[in-house]
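Chemist: Following this message is one structure expressed as structure tokens.
The values are calculated or read from the model by the stated rules, or taken from the named source; none is laboratory data. Please read all numbers here as calculations on a predicted model, not as lab measurements. FYI the Cβ positions are ideal-geometry reconstructions off the backbone, even for glycines, and counts take in every protein chain you see.
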Amino acid sequence: MKQYDLTKILTEGYNHGLCGGENLGNTCFMNSSIACLSNCTELTTYFLTGNYQRDINIKNEEGLGGKLADAWHDLLAKYWLTGNRSGDPSEVKNAVARKVKKFWGFNQQDSNEFMTEFLSILSEDLNKSDKKDYKELKEKQEGESDLECAERFWKNHLARNDSIITDLFSGLLKSEVICSKCGFHNITFDPFNTLTLAIPKNVKEFIAKNKKSDEMQFYYLSKFNIRNNIKIKIKINKNFTIGDLKSQIKNFKNFKYALGKLKFYQVLKAEFVKFYQDSDIILPKQFFFAIDDEIEEGEEPKKKYIPLYMNKNQKDSAFPRLFLVHEDMTFAELKQKIYLYARNYFLCPFVSKHDELSELDKEKHKYRTSKKEDNFNTEKLFALYKQEYLDIFSENENNQMSPEISTNTHKKKQAEKFLNDFPYKIVVRMKFGKQNEDMTLFEGRNFPASLGNFDIYSDEDKINKLIEKIEKEKLYFFLIIKPESKYSIANIKLDSCENYQAPYSKNNENLTLDDLIEYFCSDERLD
């Protein structure tokens, strides 16, 4: 028998599984099963690489001495390793019919029954076990855990059925019987290859009873706090995941902003807990947040998120933001990025009156009122941020104003007043029980003593040691807003939110595969 290299499956000009079965006469039931099994990658790889040959059991009377295994290999080769649009499944059909007579001829049959019989015979063709001695197993014993009992049943099943089919398709169903009168309790574990899932007779009644929705909420925090935060309320069902939520978000109607790729994280007692994965199940009472994810796969240098806590005067805590850093970031770049977060809470020092707006503030106002990001020039906005930042702080030297301001007497006085009454500070906080110890890194000027703890001695030094200590030693990174500064805006509200009620999804009215599995596993009262 010819051996196939798996790399050949990917050769240009081959089907790669995109092939149908020829209709032999009412054999759609078989072709649909074959299409499903052909796309079980692990099983197809096992056959097309020729590995199945070493496992053929010619002595096993329950099988066909490898005839079905060979026929299946040859059919897979037609499906995957030719340029044909269809393959002839007659040898597979004939092999199965030798064991199950009803599949002789060309009458319509049940697809699920064919798949079950096919897997059973194929398993016997490849069964590494020759012994079929029957061994009666006792139900779960007193003092035995479910896991111990299941392992006992599985070991017995494996002694009689040890093949690639067992590895890929077999499992155990826990069967629990309780007598409603005497309370007798019996637990066994039964092996299966396929599950036949029934559809509830009264679907609407089942949905009403089992798919009750709970309302949960999460917070969308806009990039750099420029726009208003939004508290989003949405109805969810049992086993609702982050992946489900992302799908629902795409269907939000009349939502204020265009939401793209989001990153979700959990907060508990005003502290960052963890990031969510798409498979994580959401509970209604969880407290979590979403931000626009700025990380693209394969980016260099490597980027990561760390929590940025915000306080007003070290008292009123706010939602922790996620702060994006990269491995080559300097302290100057860190200060500039935090300036973007803080800038929304103070006025530009170069406007003469508090009711005047700088060019940046005017542009921010347009940005806030623009619903779609692509309708607005965000590059211009961030260019103004950078320009204003560099007007106040030197790009290369510590604690000096830019040359343009240093040579302008009026602007220099304004900047000096601003730096002496700086409206925020950057702090690293260590917690000792209920006590806190703060190390101020920057407050209009650098603090060399604190920065030295993280091997930062100038604006051009990298912050990798700071990030390492924040992650490993559970230090807290704070942006503390000072409302007492004359440059701060009045009535600062760090966590102000708008409300949005997401529309109820019609998906809640449909049955899913998970619903059918849950229905299959539900309790049943026997006569």
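Chemist: Could you give me the residue pairs with C-beta distances under 7 Å whose first residue belongs to the stretch 217-238 and is within 19 Å of Glu379 (Cα to Cα), whose second residue is aliphatic (A, V, I, L, M) wherever it lies, and which are 6+ apart or on separate chains?
Modeler: Once the first residue is within 19 Å of Glu379 (Cα to Cα) and sits in the stretch 217-238, its partners that are aliphatic (A, V, I, L, M) give Phe224/Leu340.
Chemist: Looking for something touching a strand residue (DSSP E or B) at 6+ places or on another chain (Cβ under 8 Å), closer than 24 Å to Met310 by Cα, of a type in the set (Lys, Arg) and at pLDDT 85 or above - is there at least one such residue anywhere in the stretch 430-444?
Modeler: Looking for residues that are touching a strand residue (DSSP E or B) at 6+ places or on another chain (Cβ under 8 Å), closer than 24 Å to Met310 by Cα, of a type in the set (Lys, Arg) and at pLDDT 85 or above, one finds none in the stretch 430-444, hence no.
Chemist: To continue, here is another question. Within the group Thr41, Thr82, which residue is within 16 Å of Ile164 (Cα to Cα), assigned by TED's automatic domain parsing to the domain that holds Ser111 and hydroxyl-bearing (Ser, Thr, Tyr)?
Modeler: Going through Thr41, Thr82 in turn, the sole match is Thr41.
Chemist: Looking only at the stretch 487-508, how many residues end up being exposed (fewer than 12 other Cβ atoms within 10 Å of the Cβ) and either modelled with pLDDT of 85 or more or part of a helix (DSSP H, G or I) (or both)?
Modeler: The total comes to 2.
Chemist: While we're on this one: Consider only pairs whose beta carbons are under 6 Å apart and that are at least six residues apart or on different chains; among these, list those whose first residue lies in the stretch 352-369 and is under 25 Å from Ala258 (Cβ atoms) and whose second residue is at pLDDT below 75.
Modeler: From residues that are under 25 Å from Ala258 (Cβ atoms), the pairs are Tyr367/Phe376.
Chemist: Among the listed residues Thr330, Thr241, identify the single one that is under 21 Å from Gln217 (Cβ atoms) and either assigned by TED's automatic domain parsing to the domain that holds Lys482 or without any contact (Cβ under 8 Å) to a residue 60 or more places away in the chain (or both).
Modeler: The conditions single out Thr241.
Chemist: Name every residue in the stretch 264-283 that is more than 19 Å from Asn311 (Cα to Cα) and either outside the structural domain of Arg321 (by TED's automatic domain parsing) or surrounded by fewer than 17 Cβ atoms within 10 Å (Cβ to Cβ) (or both), in order of residue number.
Modeler: Lys274, Phe275, Gln277, Asp278, Ser279, Ile281, Leu283
Chemist: Might you let me know whether the stretch 315-322 holds any residue that is under 23 Å from Glu271 (Cα atoms), of a type in the set (Phe, Trp, Tyr) and not in a loop (DSSP other than H, G, I, E, B)?
Modeler: no
Chemist: Just a yes or no: is a residue in the stretch 328-346 surrounded by fewer than 16 Cβ atoms within 10 Å (Cβ to Cβ) and modelled with pLDDT under 85?
Modeler: Within the stretch 328-346, not a single residue is surrounded by fewer than 16 Cβ atoms within 10 Å (Cβ to Cβ) and modelled with pLDDT under 85.
Chemist: Give the residue that is surrounded by the fewest Cβ atoms within 10 Å (Cβ to Cβ), with candidates limited to residues of the stretch 179-228 that are at pLDDT below 85 and of a type in the set (Val, Ile, Thr).
Modeler: It comes out as Ile199.
Chemist: Here's something else I'd like to know. From the set of residues in the stretch 147-178 that are surrounded by 14 or more Cβ atoms within 10 Å (Cβ to Cβ) and hydroxyl-bearing (Ser, Thr, Tyr), which is farthest from Leu122 (Cα to Cα)?
Modeler: Ser170
Chemist: Still on this structure: Check the stretch 461-472 and report whether any residue there is of a type in the set (Asp, Glu) and touching a helix residue (DSSP H, G or I) at 6+ places or on another chain (Cβ under 6 Å).
Modeler: There is at least one residue in the stretch 461-472 that is of a type in the set (Asp, Glu) and touching a helix residue (DSSP H, G or I) at 6+ places or on another chain (Cβ under 6 Å).
Chemist: Shifting gears a bit: State all residues of the stretch 453-465 that are of a type outside the set (Asp, Glu) and farther than 13 Å from Lys304 by Cβ; if no residue qualifies, say none.
Modeler: Hits for the stretch 453-465 are Asn453, Phe454, Ile456, Tyr457, Ser458, Lys462, Lys465.
Each row is one residue, and each column tells you yes or no for (1) part of a helix (DSSP H, G or I); (2) touching a helix residue (DSSP H, G or I) at 6+ places or on another chain (Cβ under 7 Å); (3) closer than 20 Å to Ala71 by Cα.
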| position | (1), (2), (3) |
| --- | --- |
| Glu91 | yes, yes, yes |
| Val96 | yes, yes, yes |
| Glu113 | yes, no, yes |
| Lys140 | no, yes, no |
| Phe153 | yes, no, no |
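Chemist: For the stretch 54-71, state whether one or more residues are part of a loop (DSSP other than H, G, I, E, B), under 40 Å from the mean Cα position of the chain (by Cα), at pLDDT below 90 and not aliphatic (A, V, I, L, M).
Modeler: no
Chemist: Please indicate, with yes or no, whether at least one residue in the stretch 159-181 is touching a residue at least 40 places away in the same chain (Cβ under 8 Å), hydroxyl-bearing (Ser, Thr, Tyr), in the same structural domain as Phe29 (by TED's automatic domain parsing) and out of contact with any helix residue (DSSP H, G or I) (no Cβ under 6 Å at 6 or more places or on another chain).
Modeler: Checking the stretch 159-181: not a single residue is touching a residue at least 40 places away in the same chain (Cβ under 8 Å), hydroxyl-bearing (Ser, Thr, Tyr), in the same structural domain as Phe29 (by TED's automatic domain parsing) and out of contact with any helix residue (DSSP H, G or I) (no Cβ under 6 Å at 6 or more places or on another chain).
Chemist: Inside the stretch 248-263, can you point out the residues that are closer than 18 Å to Asp214 by Cβ and out of contact with any Ser or Thr (no Cβ under 9 Å at 6 or more places or on another chain)?
Modeler: Ile249
Chemist: Tell me, which residue of the stretch 256-273 that is among the aromatic types (Phe, Trp, Tyr) and at pLDDT 80 or above is nearest to the chain's Cα centre (by Cα)?
Modeler: Selected residue: Phe264.
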